[in-house]
1. Hey, got the dipole for the stretch A:94-146? About the Cα centre, +1 on K and R Cβ, -1 on D and E Cβ, debye to the nearest 20?
2. Around B:Ala69, which amide H atoms from residues at least 5 apart in sequence, or from another chain, sit under 5 Å from its own amide H, with H modelled in the peptide plane?
3. In whole Hz, with x marking every Gly and Pro, tabulate ³J(HN,Hα) for the stretch B:323-334 from phi via Karplus 6.51 cos²θ - 1.76 cosθ + 1.60, θ = phi - 60°.
4. Could you name the lysines whose alpha carbon sits less than 18 Å from that of A:Lys364, not counting residues in the same chain fewer than 8 places away?
5. Tell me which of B:Asn303, B:Ser389, A:Pro47 sits at the most positive position along the dipole axis of the protein assembly as shown, charges placed on C-beta atoms (Lys, Arg +1; Asp, Glu -1).
6. Using a simple charge model, +1 on the beta-carbon of Lys and Arg, -1 on the beta-carbon of Asp and Glu, nothing else, what dipole does chain B show about its Cα centre, in debye to the nearest 20?
7. Taking chain B as a Gaussian network, Cα atoms linked when under 10 Å apart, which of B:Ile112, B:Ile215, B:Ile147 shows the biggest mean-square fluctuation?
8. Classify the stretch A:38-151: rounded, prolate or oblate, from the alpha-carbon gyration tensor (a ≥ b ≥ c, eigenvalue square roots; a/c under 1.5 rounded; otherwise prolate if a/b is larger than b/c)?
Amino acid sequence: METASFQFIFFGLAAALVSNFSRSRAWRSTVLMTASVVFLALLSNRPLFFVPLAFFLFLGYAGYFLIARGWSKSAVWSILAVLLVYAWLKKYTFLPEGLFIHAPYLTLGLSYIFFRVLHLLIDAGDDTEKRIIGPGAYILYTLNFTTFVSGPIQRYDEFARDQFALAPIPLEWSVVGLQLERIVRGIFKVNVLAMLLGTAQQDALLQISQPFPLTHRLYAAFQIVVLYPFFLYANFSGYIDIVIAIARLMRVRLPENFDRPFSASSFLDFWSRWHITLSTWLKTYVYNPLLLALMRRFSSIALQQFLGVFCFFVTFFLVGLWHGRTSEFIFFGVLQGGGVAVNKLWQLGMARVLGRRSYKDLSKNSAYIAFGRGLTFSWFALTQFWFWADWAQINGLCRALSAVEWVGVWLVIWVCASAVLAAWEWLRAALLSIETVEGPVFLSRYARVIYTTALGLAAYVITVLLNQPAPDIIYKAF
Amino acid sequence: MKQSVARSAESPQGAKSPRRDWLLLSLLSLITICILCASTELLARRMFASKGSVNDCMVMNDPSTGIRAIPNSVCWEKSPEGPLVEYRFNDCGDRTDVECGRKPKGSYRIVIAGSSIPMGARVPAEKTFASLLPAELSRQTGREIEIYNAAVYRERPPALALRFKEILAQQPDLILWVITPMDIQEVSDSMPAQGPQKSGEGFLEKSLNRAKEGIASGRFADAAGDIWSYSKSAMMLRHFLYSSQSRYTQSLVMGGDYETGYLKAHPSAAWQDRMRQLDIYAAEIEAEAKSAGVPFAAVLLPNRAEAAMLSMNRRPAQFNPYELDDELCAMVTSHGGIYLDILPRFHRLLNTDRFFYPVDVHPNADGQAAFAEVLDKELTGGAIPALKSKGTTQVPSTLER
C-alpha cells in the first residue's frame, strides 16, 4: 500500500470509522493497534522481514524499562546501544560493510521510531512521577500507523494525552469536515502539485545536460534550483496533511510539521517552520543540553553568544546528517548548520553594529524582510542539491554551467524569490482581509467546500482517470 | 516531560454548521463540479478543436487490398493538436505530387512504403520528409532524385504485402520500407483493428454507442473510462501532462507489454511472435522486390516512446530502445535487403521530444524535418551505392550508441 495513495486514505478512514464505534480507550487502542499491525502486514508477508525492527523496538524498551526502574547508570549505555543499532540497521557508511545484514528487512519508518525511542530513553530518567509505560502502550506509540512512515515526530505525552484519555477529544461534524478537507488538500498536494513540480524539475535536468544555447541552460538551472523546494514541500506537507487528518478522525492530535515555511524571513525562522517536529526534537535534546553543558564549561559572558552559534551549527548539522547515510548528507548538514550559524552571527553582528533598537526597527522593514525571505529561500533551494542528487549528478550540474553562471543564477533566484514571495504574502493578506462577521470570506465553509471540491476533482481526474503515477513520499526514505 | 507546540487546524468558523448547510454545501460542491467540468470541456474544445478526417478519403474494408485511399480524392483534417491539413491523393490513391506510374527519364525514383508516419499524417504534404528529401538528395548526389510516397494511413505489413505489386508498378529504383513500432504492434491486422471513425461521428454519438456497448456487456466501468477518454478535457489534460518528457516517460514505463514491449531489452513471447509474423511479410515483400530486380531498404522510424527512451540519462534496466532496431536489422539483411540504422543519428538531435504531438504521438512538422535530416545522411552515406553523396569517400561508419 503506497503512502498517500487512495488505498491508504480509505484504509485510514476505515480505521477512523471503526475507532469511533466506541469512546472507550480500550476500544480505540485496540483499533489503532489492529490497524497498525495490518498496515505493517501489508508491507510484507514475510515475518523475517520485521525481525530487525522488532529487535530495535525490544532494545529500546529494555533500555527504557531499566532507566525507568531507577537504573540510571544504564541510561548512557542504552542510548549508545540504540544509536549504534540504528546506524547498523540503516547501514551508515562509516560502519564496516561486513557487519551489515544482507537479507532484506524493513527500514521504513525506522528513523521516526528512532526519535520516539530516544525521546523515551532520555526522558525516562527525568520523569519525577516514575510512571512506567507498559509494553502495549510502547508498541502502540512506536508503531502508530499514522506516524509510522514519515512522522510527524510526536512526543509520548502528547500521544498518551489523546489516545488514553478517559474522555476522548470531541469530534464534531464541523471537525470531521475540516479533516476531510485537509485529506483532499493533502491528496492534491502529493498527487497533483508535487507530481507536476517534480516532473518539471526532471525535464529541466534533461535540458541542462544537453548542448543547448546558454540562455536555455540558464533557464533550466533556474528551474532545477527553484522547483525542488516547492516539490518537496508539496510532497511532504501533503502527506502530513493526510496523516494529521486521519489521526484527528481517530481523536488523536498530531503536531503540525509545517507552518508556511517560505514565509520565513531568515534561515533560523525557516527551520522553525519546516519539519517542525524534527527541528524541535533536536533543539530539545541536542541544542539545549549542549548549550547548557558548554555554558557550564565556559563561563565567559563574551563567549556565551558564540557558544549559541556553535550549538546551532551542531544541531542543524545533525538535522542534515539525519537525512542520509552518505557523504552528500554530511555536506547537506554542513550547509544547514552553516546557514543557521551565519544567520545567528549576522543577528549578533547587526545588533552590535546598529544597536539593538535600530536592528529591531530594521528587522521590521518590509524590504529587509522581503530580501531576507528571498535569501532564505534561495539558500535552502541551493542546499537541496546535496539532498536530492549524488556527487556524480552534482558534478554534472557544475559542469553544465561555469561558476560565475551558477552564482548569477543564484542571485537571480534571490531577487525573484524576494519579489514573488513578497507579492504572495501581500496577496494572501489582501484576500484574508475580505471579511464578513464570521471571519475571512476565503476561510468560510462555503469557500472551503468550493476549493476542496475543485482540488478533489483535479486529483481524481489526474490520478484515477488519467492514471498518472504520483511521486513517492520523499521523507519515507529517511 | 517537555511540551511541544501542537497547533490545531480547527477553525472557529467551522464550529457551527446550521442544518441548512448540509444541503447548501452539497449543492455548492455539485455546482462546482458541474461548472468545472463544463468550463474545462468548453476550453478544451476551443483550444483543441478538430474537424474533418482523413478517413473520409479512405476505403476501409477492401479485403483484396486492405485499407487504401480513394484515387483523386481530397479531404481535410484538423486534428486536436495539429494544424488544418489537406490530404490530396493522386490517381493511384497515393499522397504524392509525383505522377502515378510514369517515371521521368534519367530520374532516380525512391518509392516509400509504410503507414501513417511516412504518409505524413497530421502534417501538410510539403512538410513531410518524403517532400523534403528529394531536393537535398538531388543536391548531394548530383542526380535527379524523385520520391514517390506510396505509404498509406494505417497500412500494416499484411496489407502492404497484399498490394506490393502496386508499389512495384511505380517503377522504383529503390523501395524504402519505413517501419514504425505501431506497424509491428498491429502486424496481424490486415484491416484496421477498429472501424475507424468518420468525421461526422462526434463525442455524443461515440459516447452513446459506447454506453450501449457497456450496458450490453455489463462492463460499465470500462465504458465510463472510454467515454471520459473521448472528451476533449481528457485530451487537453493529457496534452499538457505529456508535454513533459519525464512525465510521458514515467507513464510509458507503467504501460503494459502491448504498449512498451518493443522497448524491452528482452521482449516478451507476444512481441517475439509479432516479430516472427513480421519476418514472414518481410521475406515475402523482399523476395518480390528481388525478383523484380529492385533494391530494397528498410528503416525504423522511432516513435515518441523510443525517442524519450533514447534521450534518458538513466534508463530503467529492463529497457533498451535499440533492441527493436537490432532485430529489424538482422531480419531485413537476412533476406538480402539493406537496413538503414538512423537511431544513433536521431539520438544526437537535441530535444527530440519536441518532434511529436504529445497525445497523438505522430511526428509534427519538426519531426518530419528531423527524419528528413537523418534519412538524408543515412541514404547518402554509402549504404545505397546509387545514392552515395559526391562528398562521401568511404563506407558509412557505425555511430556510437
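The values are calculated or read from the model by the stated rules, or taken from the named source; none is laboratory data. None of the values given here were measured: they were computed from a predicted structure. Neighbour counts are summed over all protein chains in view; Cβ atoms, including those assigned to glycine, are modelled from backbone coordinates with ideal geometry. Just so you know, the surface numbers come from the protein's heavy atoms only, side chains and all, with ligands and any DNA or RNA stripped out. Shrake-Rupley method; radii C 1.70, N 1.55, O 1.52, S 1.80 Å.
1. Numbers: 3 positive and 5 negative charges, 30 e Å.
So the dipole magnitude of the stretch A:94-146 works out to roughly 140 debye.
2. So B:Ala69 has HN proximity to B:Val59.
3. So the Karplus estimates, Gly and Pro as x, are 4, 5, 4, 5, 5, 5, 4, 4, 5, 5, 5, 5 Hz.
4. Filter leaves A:Lys344.
5. In the protein assembly as shown, that residue is A:Pro47.
6. Numbers: 46 positive and 47 negative charges, 286 e Å.
Charge dipole, chain B, about its Cα centre: 1380 debye, nearest 20.
7. Evaluated over chain B, the most mobile residue of the options is B:Ile215.
8. Verdict is oblate for the stretch A:38-151.
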